[in-house]
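So the structure is just underneath, and the comments pick up after that.
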Amino acid sequence: MLRKLIITFLWDFIYHACFIGGLQIMKNNRNFILLCTIALMQGLVFYGPIATLYRESRGIGIYQIFIIESVFMILMILLEIPWGWFADKFGYRKTLFISFLLDFISKIIFYKAHTFMGFLLERIMLSAAVSGVSGCDTALLYCSVSKEQSEKAFSIYNASSIAGFLIATLLSTFIISKSMDLAVWLTIFPYGIAVILSLFLKDATCHDKQKQGIVNVLKIMLKEKEILIFIFASAVITEVSHSITVFLNQLQYRRVGINVRYYGLILALIQAVSMLSSRTYKLTEKYGEDRVLICTFFMVAISSLLLAFFNTPVLSVLLIMLISVSSSIVLPISYHIQNKSISIKNRATCLSAYAMFMDITSSIVNLMIGKAADISLQLSFIICGGVSILALLLNIYYFRLKKIIQKR
């Protein structure tokens, strides 16, 4: 019954949010259609619910997984700006094609890997792919649509990825029951389709000022302290949401006594509700970006703290759902604000520099939450709530600072 309800909701989303909602943007806009389709394809990760179990079945221990993830995070930070420079010099289309190709190859390596070095190679390849796409996809999308429609485009783009993951989650229960290897093998194909689709993208440029060197880009970024405050706050909220909805959620479900067989359905339900982020632009049109972000940051903070002190199954699921929805609303607004803040021609380099700053922030927050989780699950939720309150205060300060600057 629940699965049928989710499928009905999914179809309603695809028709109304992606088709009807994106119709104005889609008209004669090849890049918007292709990028949303690619996001949908790359959301089809059928092995998502058993990624850790799959690695363990191939002889990789938990400690080795964390070592590999640490290497992945370090490489992401190191590769962000070089990829941004490459995109500005050689074009967004070439950069995305190479990145999507590397992502496709990483999925093949993941399927073939049986050793620590094999899974390490997969993560190295993936770090190059993800850092290449980071900033470049949103820069191309921003330059391909009108500035008035950019937030709407980001909302639908983000929701397309969620839709893909939801479809994969619904199908994965059946696929995994046959074989874990089959789930990984089937994931390769949509990523191959994404590579082919990227060949049909076309480069687009924004009417920005002159190009700058990488050093000058970093100097300009460091001078604009108000946007760094916003990026830091967004990175904290994003990492808190990621930690809770990907790692801590299962520990919380076990703590409150939810049977493991319901985890997949809960995940599907949460992803289905998170697709409401496709209507983010409606919220910002009515209430403004500042009020929407302050509200979502507050929701993440209060939900994190409540998870620490309440152990009822229904409330736990609802709070984690609220965190997921809030995070999915933050993303398109964050993309829009970051792109809007850039006035020089090195758009991809700037966005990559922002992403690097966010990666560093996320890694620090991740270590704090991880260390707290080793001590106590409740402590980890308290830490999540504490840093989210800090992010909320910084976000309020950012918008007040922005208003002061605009009045000058």
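No lab work stands behind these numbers, since they all come straight from the coordinates. Just so we're clear, the structure is a prediction, and the values are computed from it rather than from any experiment. Cβ atoms come from the backbone with ideal geometry, glycine included; neighbour counts cover every protein chain shown.
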Once you treat every alpha carbon in segment 219-360 as an equal point and sum by Debye, what is log10 I(q)/I(0) at q = 0.12 Å⁻¹? -0.55
Filter the DSSP H helices in the chain by two things, a Kyte-Doolittle mean of at least -1.0 and an axial alpha-carbon span of 24 angstrom or more, and list the hits by number. 62-90, 92-112, 116-133, 150-178, 180-198, 225-242, 289-309, 313-340, 347-375, 377-407
List the lysines whose alpha-carbon lies under 22 Å from that of residue 202, not counting same-chain residues fewer than 8 positions away? 27, 89, 94, 147, 152, 211, 340, 345
For semi-axes √(5λ) of the Cα gyration tensor in Å, one of (1) 30, 26, 22; (2) 46, 25, 17; (3) 35, 23, 21 was computed from the structure I shared and the rest are decoys. Which label? (1)
Can you give the charge dipole size of the chain about its Cα centre, rounded to the nearest 20 debye, using +1 on the beta carbon of Lys and Arg and -1 on the beta carbon of Asp and Glu? 720 debye
Given segment 301-372, report the % of alpha carbon pairs whose separation exceeds 15 Å. 69 percent
With a bin width of 10 angstrom, please list the P(r) values of segment 116-205 as percents of all Cα-Cα pairs, from the 0 bin to the one holding the largest distance. 13, 34, 35, 15, 3
For 347, 279, 254, order by how many other beta-carbon atoms lie within 10 Å, fewest first: 254, 279, 347
Kindly provide the helix-only [θ] at 222 nm of the chain, computed as the sum of -39,500 (n - 2.57) over DSSP H runs of four or more divided by all residues, to the nearest 500 deg cm²/dmol? -26500 deg cm²/dmol
Debye log10 I(q)/I(0) for segment 29-202, one point scatterer per Cα, at q = 0.09 Å⁻¹: -0.32
Pick out, from 365, 70, 83, the residue whose Cα sits farthest towards the positive end of the charge dipole of the chain, with +1 on the Cβ of Lys and Arg and -1 on the Cβ of Asp and Glu. 83
For segment 247-324 versus segment 26-92, the gap between their alpha-carbon centres in whole angstrom: 23 Å
Treating the beta-carbon of each Lys and Arg as +1 and of each Asp and Glu as -1, no other charges, what is the dipole magnitude of segment 29-202 about its Cα centre, to the nearest 20 debye? 360 debye
